[in-house]
Each structure stands twice: as structure tokens, then as C-alpha cells.
1. Quick check on my filter: what residues within the range 52-69 are without any contact (Cβ under 8 Å) to a residue 24 or more places away in the chain and of a type outside the set (Asp, Glu)?
2. Answer yes or no as to whether residue 144 is surrounded by fewer than 16 Cβ atoms within 10 Å (Cβ to Cβ), more than 26 Å from residue 108 (Cβ to Cβ) and in contact (Cβ under 8 Å) with a residue 60 or more places away in the chain.
3. When you scan the range 110-128, do you find a residue that is among the small types (Gly, Ala, Ser), in a helix (DSSP H, G or I) and within 18 Å of the chain's Cα centre (by Cα), even just one?
4. Scan the helices (runs of 4 or more DSSP H) fully inside the range 1-105 and keep the ones with 2 or more residues being of a type outside the set (A, V, I, L, M, F, W, C) and closer than 30 Å to residue 121 by Cα.
5. Quick check on residue 168: is it within 20 Å of the chain's Cα centre (by Cα), at pLDDT 95 or above, closer than 16 Å to residue 202 by Cβ and open to solvent by less than 40 Å² (accessible area, probe 1.4 Å)?
6. Looking at 64, 108, 89, 98, can you tell me which residue is aromatic (Phe, Trp, Tyr), open to solvent by 50 Å² or more (accessible area, probe 1.4 Å) and in contact with a strand residue (DSSP E or B) (Cβ under 8 Å, 6 or more places away or on another chain)?
Amino acid sequence: MRVLDVGSGMGDVALLVAELVGPTGTVVGVDKNPDVLAAARQRVPANVTFVTGDIREVELDGEFDAVVGRLVLMYLQDPTAAVASAARFLHPGGVVAFLEAEIARPGFSVPQVPLQQQLLALVDETFRRGGVERHMGSKLRRTLLNAGLSVLQLHTYSITGGGPGWAGYRFVEETMRSILPFTESLGVATAAEVDVDTIAARLEAEAVRLDSTMFLSTWIGAWARKE
């Protein structure tokens, strides 16, 4: 298969797709940031190439079997236009698949872990002030339909776990680390208040003490076909 990856960033999704299509398949990633693509090129196998540009304007040779994207539509002012632009490169019957977060639907824990709720509030406020679409997961179905696609299917999941050694604690810490510059610049909280380097340890201590099961952010995947 020949797959188009929208909003490639550092190429994490492109790497996953490259494994799926194998050495005889190809992946083309598109992103507006030339610097991040330069770094991504150092990480990917020979069957992955990157193109700098806006998916709404870039020109690519040939047709694709699939278009994919992860956590990209939530940052766009017009996600429907972006999906429709990407779908123009598909052959008839080709697949469009996107995965987006439902930030406005917060995670939870039973019994409740206070630190988790504090961190979720910081994440939600950071994205709200940054103008990010916090309901992109819920809006994914209508976005793909409005882009002229059909045969739509949805899947929802949440990272869930607890107890000593669960990888989810580190996942939360790394998520907070990645958005911390924006949390600070938007005036939501300072680095000292977040204390990001201790989040995983503090979360684990609270969750283990409470014997809590934690549910992290909700993710919604949608795929459709081009008529």
C-alpha cells in the first residue's frame, strides 16, 4: 500500500505505518514544519519520505491507498477542509483514518486520585486557552462525513490501569512535559507548580495508596472510504 500521513511531525505515525505496509509499501508524510521533518528523516526507514507543506495546498504525485493522521485535526481551524484536501489524493475506495483526543471528556479514577484531577484540569485549560478543539474526538464523525466520505466506523478507547509499576503514570508525566511550555506561556501554571519530573512517582504513590484504577484521556478513531 501507498499511505499518506497528514501532520507527520517527528514521524511516529509514519514509523508505525511503515511496519504495517512492509518493505514493499511506501509512506509519504506531510508537515508544515521543515525543521521537525529534518529530524524525522533521521528516524525512518527507506520506504518513508517527507514533504514540507500544508496538506490543503501541497501537490503530490500519484494516488494513495490510504490517508492517516493522529492528533492533527484538533489544531486546525478547518479540519473538514484538511480531510477533504487529503482525500483528493486517494483512489476510489481508498481509506481515510484519523485518531483524535476528546480532551473535554476528562479521565477519572476509582477511587479518585486527586493529583490526576489536578493535572487533567491543567491540560484542559491549556488547550482551551490555546484555541485547540477539545471536542475533536466527538466531532470526528461529522468532520469525515462533511468531507464527502462514507462507510464510516468509529472506535473509542482509554488507557486504563493501576497498581505498582503501571506505565500509565509515566505516560501522564511525558504528556505534561510535552505541553508544559504552552502551560507556562498561556499563564495556566508555572514549571515549579507542575513539578513535571516527579509526576509519575507522585501519581503512582497516590494510586497505590488508594488502590485506584485510573482511566486516562479518551481517544476516538474513525475511518471511512472515498466513493
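1. Once the filter is applied, which keeps residues that are without any contact (Cβ under 8 Å) to a residue 24 or more places away in the chain and of a type outside the set (Asp, Glu), the range 52-69 yields 52, 53.
2. no
3. no
4. Because the criterion is at least 2 residues that are of a type outside the set (A, V, I, L, M, F, W, C) and closer than 30 Å to residue 121 by Cα, the helices (runs of 4 or more DSSP H) in the range 1-105 that meet it are 79-87.
5. yes
6. The unique qualifying residue is 108.
The values are calculated or read from the model by the stated rules, or taken from the named source; none is laboratory data. Quantities reported herein were computed from a predicted structural model and do not represent experimental measurements. Don't worry about glycine lacking a Cβ; one is built from the backbone with ideal geometry, like all the others, and counts go over all protein chains shown. These area figures cover heavy atoms from the full protein model, side chains too; ligands, DNA and RNA do not enter into them. Shrake-Rupley method; radii C 1.70, N 1.55, O 1.52, S 1.80 Å.
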